[in-house]
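Data first, discussion second: the structure below is written as structure tokens.
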Amino acid sequence: MDILSSIADGILTLEFNRPERKNAITNAMYQELADQINAAADNKAVRALLIQGKETVFTAGNDLEDFMKGASDLSTPLTERPVYQFMQALFQCEKPVVAAVAGNAVGIGTTLLLHCDLVYLADNAKLSVPFAQLGLCPEYASSLLLPLYSGHARAAEKLMLGEPFGAEEAYAMGLASKVVPLAELHSHARAQAAKLVGLPAASLRATKQLMKRASVPQIQAALDIETPQFGKMLLGAEAREAFTAFFQKRKPDFSQFD
């Protein structure tokens with residue numbers, strides 16, 4: 001299974017389990033994540049969610065080959081595709097969500113953290129949002145949330161240059177709750193999730209709702225703007241050059257484009 005899921009002691013754990021491909025996410029994996037998160041909403045056995053990867057990698061982001069196959073399917077509206085269903089499921093999740101991140105968290109591996117409640121980074125974590133490098137635009141409301149968390153200049157450096165940045169910098173930008181040693185990451189994140197399980201569920205839901213009440217309409221508006229723009233650019237010449245260069249293991253040449 002590329003997504004491992006289990007429910008124990010009130011915690012639904014969702015784990016990326018495709019280490020041979022650096023936990024790159026396929027459409028099938030997005031669908032599984034969306035289904036699991038949505039099912040948790042009505043499952044009284046689930047009081048908190050925990051999303052994690054392996055100690056060497058959280059996720060390399062989209063599986064580009066699989067992602068491009070889905071992009072060429074013009075018969076399926078963007079809002080009905082598995083990645084968008086996952087985005088909505090996590091964004092709308094009323095229960096507390098904890099993330100435990102070790103190693104690389106690329107693209108949506110970073111932007112999904114903006115929609116979690118408690119984010120714990122191992123000291124080997126390395127985040128990146130290389131959308132511009134791939135001829136794309138920001139997604140998952142990152143064009144709104146990254147500047148909101150860290151200011152325009154720091155967000156622009158991450159979103160425009162797309163260069164990786166480490167756990168301590170991510171913490172300083174307000175993207176993480178805490179940085180912990182790699183050996184302690186998963187046990188610490190689970191212990192924090194267990195604390196949430198032991199608290200009044202209604203109080204946690206109300207607290208989360210109140211904290212997000214002002215941003216929810218803005219996030220949905222950002223998704224509504226970003227998603228079609230992302231879809232359009234995904235089929236554009238610059239993205240095609242970026243992906244071709246990636247598969248050919250060469251540096252892309254964007255000089256031919258305005």
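The values are calculated or read from the model by the stated rules, or taken from the named source; none is laboratory data. None of the values given here were measured: they were computed from a predicted structure. Don't worry about glycine lacking a Cβ; one is built from the backbone with ideal geometry, like all the others, and counts go over all protein chains shown. Heads up: the accessible areas ignore ligands, DNA and RNA and are worked out on the full protein's heavy atoms, side chains in. Shrake-Rupley method; radii C 1.70, N 1.55, O 1.52, S 1.80 Å.
Looking only at segment 41-62, how many residues end up being outside any strand (DSSP E or B) and either basic (Lys, Arg) or open to solvent by less than 10 Å² (accessible area, probe 1.4 Å) (or both)?
The initial filter retains those residues of segment 41-62 that are outside any strand (DSSP E or B), namely 41-47, 53-56, 60-61.
Going one step further and asking which of them are either basic (Lys, Arg) or open to solvent by less than 10 Å² (accessible area, probe 1.4 Å) (or both), we end up with 44, 46-47, 53-54, 61.
Qualifying residue count, segment 41-62: 6.
Of the conditions (1) open to solvent by 60 Å² or more (accessible area, probe 1.4 Å); (2) farther than 15 Å from Leu121 by Cβ; (3) under 19 Å from the mean Cα position of the chain (by Cα), Ala193 satisfies every one except a single condition; which number is it?
(1)
If you check every pair at least six apart or on different chains, which have Cβ atoms under 7 Å apart with a residue in segment 244-258 that is on the phi < 0 side of the Ramachandran plot first and a residue that is assigned to a helix (DSSP H, G or I) and modelled with pLDDT under 90 second?
Sorted first by the residue in segment 244-258, then by its partner, the pairs are Phe246/Leu64.
Going by the conditions given, is Leu148 part of a loop (DSSP other than H, G, I, E, B), in contact (Cβ under 8 Å) with a residue 40 or more places away in the chain, over 30 Å from Ala183 (Cβ atoms) and aliphatic (A, V, I, L, M)?
Numbers: part of a loop (DSSP other than H, G, I, E, B): no; in contact (Cβ under 8 Å) with a residue 40 or more places away in the chain: yes; over 30 Å from Ala183 (Cβ atoms): yes; aliphatic (A, V, I, L, M): yes.
For Leu148, the condition - part of a loop (DSSP other than H, G, I, E, B), in contact (Cβ under 8 Å) with a residue 40 or more places away in the chain, over 30 Å from Ala183 (Cβ atoms) and aliphatic (A, V, I, L, M) - is not met.
Identify the residue in segment 145-166 that is hydrophobic (A, V, I, L, M, F, W, C) and within 15 Å of His115 (Cα to Cα) and, among all such residues, is surrounded by the most Cβ atoms within 10 Å (Cβ to Cβ).
The initial filter retains those residues of segment 145-166 that are hydrophobic (A, V, I, L, M, F, W, C), namely 145-146, 148, 153, 155-156, 159-161, 165.
Retained after the next criterion (residues that are within 15 Å of His115 (Cα to Cα)): 145-146, 148.
On the way: Leu145: 21, Leu146: 24, Leu148: 17.
Filtering segment 145-166 for residues that are hydrophobic (A, V, I, L, M, F, W, C) and within 15 Å of His115 (Cα to Cα), the one surrounded by the most Cβ atoms within 10 Å (Cβ to Cβ) comes out as Leu146.
Tell me which residues, restricted to segment 30-60, are among the β-branched types (Val, Ile, Thr) and more than 18 Å from Gly107 (Cβ to Cβ).
Step one: of segment 30-60, the residues among the β-branched types (Val, Ile, Thr) are 37, 46, 51, 56-57, 59.
Result: Ile37, Val46.
Do we find a residue being closer than 19 Å to Leu112 by Cα and of a type in the set (A, V, I, L, M) anywhere in segment 186-208?
Among the residues of segment 186-208, at least one is closer than 19 Å to Leu112 by Cα and of a type in the set (A, V, I, L, M), which makes the answer yes.
For segment 107-139, which positions are in a helix (DSSP H, G or I) and either open to solvent by less than 10 Å² (accessible area, probe 1.4 Å) or within 21 Å of Leu50 (Cα to Cα) (or both)? Steps first, answer last, please.
First, pick out the residues of segment 107-139 that are in a helix (DSSP H, G or I): 108-115, 132-134.
Hits for segment 107-139 are Ile108, Gly109, Thr110, Thr111, Leu112, Leu113, Leu114, His115.
Among the residues of segment 79-106, write down those that are open to solvent by 20 Å² or more (accessible area, probe 1.4 Å) and either within 18 Å of Glu139 (Cβ to Cβ) or in contact with a strand residue (DSSP E or B) (Cβ under 7 Å, 6 or more places away or on another chain) (or both). Quick ask: steps written out before the conclusion?
Filtering segment 79-106 down to residues open to solvent by 20 Å² or more (accessible area, probe 1.4 Å) leaves 79-85, 88, 92, 94-95, 104, 106.
Within segment 79-106, Thr79, Glu80, Arg81, Pro82, Val83, Tyr84, Gln85, Gln88, Gln92, Lys95, Asn104, Val106 meet the criteria.
Identify, from the list Ser142, Ser75, the residue that is surrounded by 17 or more Cβ atoms within 10 Å (Cβ to Cβ) and polar (S, T, N, Q). Reasoning before the result, please.
On the way: Ser75 fails: surrounded by 17 or more Cβ atoms within 10 Å (Cβ to Cβ).
The conditions single out Ser142.
Restricting the first residue to segment 167-182 and requiring it to be at negative phi and open to solvent by 60 Å² or more (accessible area, probe 1.4 Å), which pairs with a second residue that is among the β-branched types (Val, Ile, Thr) and at pLDDT 95 or above meet a Cβ separation below 7 Å and a spacing of at least six or different chains?
Correct list of pairs: Glu168/Val179; Tyr171/Val179.
Restricting attention to segment 16-26, does a residue exist that is out of contact with any strand residue (DSSP E or B) (no Cβ under 7 Å at 6 or more places or on another chain), open to solvent by 70 Å² or more (accessible area, probe 1.4 Å), assigned to a helix (DSSP H, G or I) and farther than 29 Å from Gly162 by Cα? Give the derivation first.
To start, the set of residues in segment 16-26 that are out of contact with any strand residue (DSSP E or B) (no Cβ under 7 Å at 6 or more places or on another chain) comprises 18, 20-21, 26.
Filter once more, so that each one left must be open to solvent by 70 Å² or more (accessible area, probe 1.4 Å): 20-21.
Those left that are additionally assigned to a helix (DSSP H, G or I): 20-21.
If we keep only those that are farther than 29 Å from Gly162 by Cα as well, we get none.
Within segment 16-26, not a single residue is out of contact with any strand residue (DSSP E or B) (no Cβ under 7 Å at 6 or more places or on another chain), open to solvent by 70 Å² or more (accessible area, probe 1.4 Å), assigned to a helix (DSSP H, G or I) and farther than 29 Å from Gly162 by Cα.
I'd like to know if segment 242-256 contains one or more residues that are crowded, with 17+ Cβ neighbours inside 10 Å and assigned to a loop (DSSP other than H, G, I, E, B). Let's see the steps before the verdict.
Our first condition is that a residue be crowded, with 17+ Cβ neighbours inside 10 Å; within segment 242-256, this holds for 242-243, 252.
Still in the list and also assigned to a loop (DSSP other than H, G, I, E, B): 252.
Among the residues of segment 242-256, at least one is crowded, with 17+ Cβ neighbours inside 10 Å and assigned to a loop (DSSP other than H, G, I, E, B), which makes the answer yes.
Restricting to segment 196-217, what's the tally of residues that are more than 18 Å from Leu50 (Cβ to Cβ), open to solvent by less than 80 Å² (accessible area, probe 1.4 Å) and hydrophobic (A, V, I, L, M, F, W, C)?
4
Answer yes or no as to whether Lys178 is of a type in the set (Lys, Arg) and within 30 Å of Leu64 (Cβ to Cβ).
Details: of a type in the set (Lys, Arg): yes; within 30 Å of Leu64 (Cβ to Cβ): no.
No; evaluated as a whole, the condition is false for this residue.
Return the pair list, or none, for Cβ contacts closer than 9 Å from residues in segment 214-242 that are over 28 Å from Asp253 (Cβ atoms) to residues that are modelled with pLDDT of 95 or more and exposed (fewer than 13 other Cβ atoms within 10 Å of the Cβ), at least 6 apart or on different chains.
Every condition considered, the pairs that remain are Val216/Gln209.
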